[in-house]
Amino acid sequence: MEENTWLSYYKVILEKVSFDNFLLKKEYNKAKKTLLPLQLEILEEWMINKGYILI
């Protein structure tokens, strides 16, 4: 997969599991292992803008 495709993929996944904080955290941790540092920053900013909170 292309690098930007991974970022898009994780955005879709995180939106789908956002109803459950446990699943959100689990998928976010998977994204941290896959994405490049810059992509991770973009994803984190996106999550903040969406109001997704990792507790």
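Derivation of every value follows stated rules applied to the coordinates shown; laboratory data play no part. Please read these numbers as outputs of a predicted model, since none were measured by experiment.
Compute the length gained on full extension between Glu41 and Thr5: take 0.36 nm times their separation in residues and subtract their Cα-Cα distance, giving the result in nm to one decimal.
Details: separation 36, 0.36 × 36 = 12.96 nm, distance 1.54 nm.
Fully extending the segment from Glu41 to Thr5 adds 11.4 nm.
How far, in nm, would the chain grow between Lys25 and Lys50 when pulled straight, counting 0.36 nm per residue and subtracting the alpha carbon separation? Please report the intermediate quantities before stating the final value.
On the way: separation 25, 0.36 × 25 = 9.00 nm, distance 1.46 nm.
Extra length available between Lys25 and Lys50 comes to 7.5 nm.
Computed from the mean reciprocal separation of all distinct C-alpha pairs, what Kirkwood hydrodynamic radius does the chain have, in Å? Don't skip to the answer; put the middle values down first.
Details: mean 1/r = 0.0906 Å⁻¹.
11.0 Å is the Kirkwood radius here.
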